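These notes concern the structure reproduced below.
The values are calculated or read from the model by the stated rules, or taken from the named source; none is laboratory data. From a predicted model like this one, the values you see are computed outputs, not experimental measurements. Glycine gets a Cβ as well: all are built from the backbone with ideal geometry, and neighbour counts include every protein chain shown. Just so you know, the surface numbers come from the protein's heavy atoms only, side chains and all, with ligands and any DNA or RNA stripped out. Shrake-Rupley method; radii C 1.70, N 1.55, O 1.52, S 1.80 Å.
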Amino acid sequence: GLGAPLGSLVVGSTETMTLAKRARKHCGGGMRQVGVVASMGMYALLHNVDRLQHDHERATRFAAELQRLDDGFRLLRNGKVDTNMVYFAIPEHSLVESQDKLCSRMEVEYDVRMWGGYRMGGRDMIRVVTHMGVDDEGIDRALDGISNICLGRGG
């Protein structure tokens, strides 16, 4: 991602901005520090846009290699990745009994954070997000951990 997990920006016409401001306040977003938060998003837009391609390439690589590990991994949209997020379901024949156990073991054993609890297309899904803190070695480590924990293969 852009490296601004708290910063956000909305760009649009005067009418769109009026609606966005009203919606923000309606959802409890009327805090006084909004300029500080928006500055994080501005910084990201000015300095981190060019590197987004690397995140998208890593997400695409992760999805493709996950499918190569075992065709039991079910990816949202059949593995088509347009952003830096990949959603997948573990195979029915996985050695790990739940997505929560996989996520927690990945963090403890491989220092990889993934999140479960997504329900899409009738399946429980795990979300993996590539960002400026994830490099190629991190993708390799994630794939190795998933292979080992779910399939009993790898390091």
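A few remarks follow.
- Count - residues of the range 61-89 that are open to solvent by less than 70 Å² (accessible area, probe 1.4 Å) and not aliphatic (A, V, I, L, M): 11
- Residue match in the range 31-47 (condition: outside any helix (DSSP H, G or I), surrounded by 14 or more Cβ atoms within 10 Å (Cβ to Cβ) and not charged (D, E, K, R)): no
- From 118, 110, residue being of a type in the set (Phe, Trp, Tyr) and open to solvent by 40 Å² or more (accessible area, probe 1.4 Å): 118
- Unique match (being under 28 Å from residue 11 (Cα atoms), crowded, with 18+ Cβ neighbours inside 10 Å and basic (Lys, Arg)) among 58, 51: 58
- Qualifying residue in the range 96-110 (condition: under 18 Å from residue 136 (Cβ atoms) and without any contact (Cβ under 8 Å) to a residue 24 or more places away in the chain): no
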